[in-house]
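Okay, structure first, notes after.
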Amino acid sequence: MNLIEGEVSGSVFRGRGWEVPLDSGYDDGPRTLGFRSEGVRLEPASEGATGKVELVEQLGADALVAVAPASGVVLAREHPDTRLEPGEGVRLVVDPTQVHLFAADTGNRLSPSASVGHRAADGLADRESKPVIIGDHR
């Protein structure tokens, strides 16, 4: 799982180079955003790139692509016929319905209804799927 350190404020997660809208109901404060490699899509970008392809590993049915945005390395699962190559600029597009939020101090997974007191969550509330293009929001 990709893990990004940051902070929640006003139902928006902000980390170094990341800004992702969340369900309402999360407490403000330090948090860790998590998403799996299939929860992020890469778009080639000669201009406006938010990361650079570091490695493409062919796995047969998939390709794992390591990308370096401002926050560190992120892994994305792509189609095995991806044309992405090391050194190429990309935009990272995250589906907010595929993210998980964790308490920064305990590592417990949070949900909007259980974020008070850092109680572990059983699941996230339903939310409309609107992919978010990750930009440099430093």
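The values are calculated or read from the model by the stated rules, or taken from the named source; none is laboratory data. Because the structure is a prediction, the values reported are computed rather than measured. Methodologically, a virtual Cβ is constructed for each residue, glycine included, from the backbone with ideal geometry; neighbour enumeration extends over all protein chains shown.
Miscellaneous remarks
- Unmet criterion (only one of (1) free of Cβ contacts under 8 Å to residues at least 12 places away in the same chain; (2) within 12 Å of ASN2 (Cβ to Cβ)) for GLU57: (2)
- In region 35-53 there is no residue matching the filter, namely being touching a Phe, Trp or Tyr at 6+ places or on another chain (Cβ under 9 Å) and of a type in the set (Phe, Trp, Tyr).
- Any chance ARG77 is charged (D, E, K, R), surrounded by 15 or more Cβ atoms within 10 Å (Cβ to Cβ), touching a Ser or Thr at 6+ places or on another chain (Cβ under 6 Å) and modelled with pLDDT of 95 or more: yes
- Any hit, region 2-20, residues being part of a loop (DSSP other than H, G, I, E, B), within 22 Å of ASP105 (Cα to Cα), out of contact with any Pro (no Cβ under 9 Å at 6 or more places or on another chain) and not β-branched (Val, Ile, Thr): yes
- Hey, ALA70 outside any helix (DSSP H, G or I), of a type in the set (Gly, Ala, Ser), in contact with an Asp or Glu (Cβ under 8 Å, 6 or more places away or on another chain) and modelled with pLDDT of 95 or more or not: no
- Residue check for GLU54: at pLDDT 95 or above, surrounded by fewer than 19 Cβ atoms within 10 Å (Cβ to Cβ), in a strand (DSSP E or B) and not hydroxyl-bearing (Ser, Thr, Tyr): yes
- Filter pass, GLY6 being small (Gly, Ala, Ser), buried (at least 17 other Cβ atoms within 10 Å of the Cβ), under 14 Å from LEU101 (Cβ atoms) and modelled with pLDDT of 95 or more: yes
- From the list HIS118, HIS137, HIS100, the lone residue that is at pLDDT below 90 and within 15 Å of ILE4 (Cα to Cα) is HIS137.
- Selection count, region 75-107, where residues are out of contact with any strand residue (DSSP E or B) (no Cβ under 7 Å at 6 or more places or on another chain), under 18 Å from LEU33 (Cβ atoms) and either among the acidic types (Asp, Glu) or part of a strand (DSSP E or B) (or both): 2
- Residues in region 31-51 that are touching a residue at least 60 places away in the same chain (Cβ under 8 Å) and part of a loop (DSSP other than H, G, I, E, B): ARG36, GLY48, THR50.
- For region 39-49, the condition holds for no residue, the condition being that it is under 30 Å from SER111 (Cβ atoms) and of a type in the set (Ser, Thr, Tyr).
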